[in-house]
Amino acid sequence: MISFLLSLVALIVGYLVYGAFVERVFAPDDRTTPAIAKADGVDFIALPTWKVFMIQFLNIAGTGPIFGAIMGAWYGPSSYIWIVLGCIFAGAMHDFFCGMLSVRNGGANLPELIGMYLGNTTKAVMLVFSVFLLTMVGVVFVYSPALLLENMARIGLVWWIVIIFAYYILATLLPIDKIIGRFYPIFAFSLLFMAAALLVVLFIKWPAIPELWDHAQSVNLNQPAEILGTETYISKNPLFPCLFLTIACGAISGFHATQSPLMARCLKSERLGRPIFYGSMITEGLVALIWASVSSYFFYNGGWREVVSPEVVDEFMAQWQGKAPKSLIQFFTAPSVVQLVCSGWLGVFGGVLAVLGVVAAPITSGDTAFRSARLIIASALKMEQKSYHKRLMISLPLFGVALLLLLWQIENPDGFNTIWQYFGWANQTLAVFTLWAITVYLVQNKKPFIISLVPALFMTTVCSTFIFVSPNALDMNNPVGYGLGCACLVLALVWFFAWYRKTMSLS
């Protein structure tokens, strides 16, 4: 718990100190924001600051800081280090600059920002990449909540898909203040309240969970490793680079770069950028840190026996008696851990919060994903979005593609899940391009570019190494895979400094 407390304090100090430094680097001023200059009553609407914060937090969070932190807990207290350092020096800085550059450029979306600083070819690639990624997010966040709701209520999977998809259509087409502006703050408050309640329970219980100085091991459990399956999991998904893809939304996530422009169009003043963009990411880091600690207690030292009834444990053990070893990691999925912990520690009310966490939160990520895709396509086609029929012209083909993917997912869930494993890589690759665009902006404006260059180099190495060593990708042996990852780092350094010298010589 000492490491947990130190990490909590570090995140808060990071916002107060490093967040203030990042704000000074960008230097917000009192110029008119797009929410006022381009007000259209649909996407450009000046909203109250507290509401913008809540919507931004839920937009970038969803279930990311919960599910990612739960899976990241298998790597032990190393997850604390990544959440804290990643959030302060990479994720929050990434979200702040993306949001503020959007504000400065009339509410520009991510592909437009990429094009401004990395060129039109990269812009075209990011346009396709972003829309595909956002469509995947929307489709999966129809299917996964529908599966959970099917288990909770006596309505078939197809009907839940229809209901959720109908909501997505409304949320994508209606002005942002009609549905998103009214209901998102409620869901955001629920996620924050759930995290705060679990924090109180952690302080009351003060459990013995692994510390940073406990040789950062990933397995320290009272049960046989072959039953819990952590050794197999870690061997197939090594800490580097997999931890940095597993915990994404709690540290840095490219998906955030597609969402920050939504709130950049609702900001009344540039001076609100730090609490809205940097602050939302730090808040998400706090939520991730709490869930990483709760999960450490749940998985380590047999803590799962406290919230899982003996009957359930016995049933699981009997199920695999005399068979090939299976692991509890297959049994305790992220949604099941949320439900078990919340209902076990917080009672009936906790069970309600768990439903909001594993059902409402992903749904709210799905609808803003489709909305972002609509706006990105509209910008590329230079099509105004104030009129309903123009919004429909873009949304109908988008939803048509999503429906085809949904039908495929229903018929071939395993096949789609295989593709979905690449989402973590695609998500962080999006962050890589955003970080390089921020670096170019800082160089061109003679600002301290080191603050984005280091995260850009690190995430470039993470994403390239994953492609080389992951069993789901090229599956090279470690010496070759890690060697090629280092080669990508060297190439990125050579490219940057060659470009930097050329840029400085021309200025």
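The values are calculated or read from the model by the stated rules, or taken from the named source; none is laboratory data. Note that the structure is predicted; figures quoted are calculated from it, not measured. Positions of Cβ are generated from backbone atoms using ideal geometry, with glycine treated the same way; all protein chains shown enter the neighbour counts. Just so you know, the surface numbers come from the protein's heavy atoms only, side chains and all, with ligands and any DNA or RNA stripped out. Shrake-Rupley method; radii C 1.70, N 1.55, O 1.52, S 1.80 Å.
With respect to the chain, whose longest principal axis is taken over its alpha-carbon atoms, helix 361-381 is tilted by about 30°. Rolling a 1.4 Å probe over the protein heavy atoms of region 347-498, with every protein chain left in place, gives an accessible area that is 75 percent carbon and sulfur. The modelled label-to-label distance between I169 and K38, using points 7 Å beyond Cα along the C-beta direction, is 2.8 nm. Relative contact order of region 421-504, taken over Cα pairs closer than 8 Å and 6 or more residues apart, is 24 percent. With helices as the sole contributors, the chain gives -23500 deg cm²/dmol at 222 nm; each DSSP H run of n ≥ 4 counts as -39500 (n - 2.57), and the sum is divided by every residue. With respect to the chain, whose longest principal axis is taken over its alpha-carbon atoms, helix 2-16 is tilted by about 10°. So I have [x] 35, 27, 23; [y] 37, 27, 19; [z] 40, 26, 23, and one of them is semi-axes √(5λ) of the Cα gyration tensor in Å calculated from this model. Which one is it? Correct label, based on the coordinates given: [x]. The mean sequence distance of close C-alpha pairs (under 8 Å, at least 6 residues apart), as a share of the length of the chain, puts its relative contact order at 30 percent. Each peptide among 201-213, 434-446, 119-131, 245-257 gets the average number of other Cβ atoms lying within 10 Å of its residues, and from highest to lowest they stand as 245-257, 434-446, 119-131, 201-213. In terms of distances greater than 19 angstrom between alpha carbons, the cross-link table entries K38/K447; K51/K386; K447/K502 yield K38/K447; K51/K386. For region 1-116, the solvent-accessible area of protein heavy atoms averages 30 Å² per residue (probe radius 1.4 Å; ligands and nucleic acids excluded).
The angle between the Cα long axis of helix 450-469 and the main principal axis of the chain comes to about 50°, on a 0 to 90 degree scale.
Going by the alpha-carbon gyration tensor, a ≥ b ≥ c the square roots of its eigenvalues, is region 355-477 rounded (a/c under 1.5) or, if a/c is not under 1.5, prolate (a/b greater than b/c) versus oblate? Note, shape of region 355-477 comes out oblate. Excluding ligands, DNA and RNA, the accessible surface per residue across region 138-201 is 45 Å² with a 1.4 Å probe.
On region 36-141, 71 percent of the accessible area sits on carbon and sulfur atoms, based on a 1.4 Å probe.
What region 342-416 shows is 43 Å² of accessible area per residue, with the surface traced by a 1.4 Å probe over protein heavy atoms.
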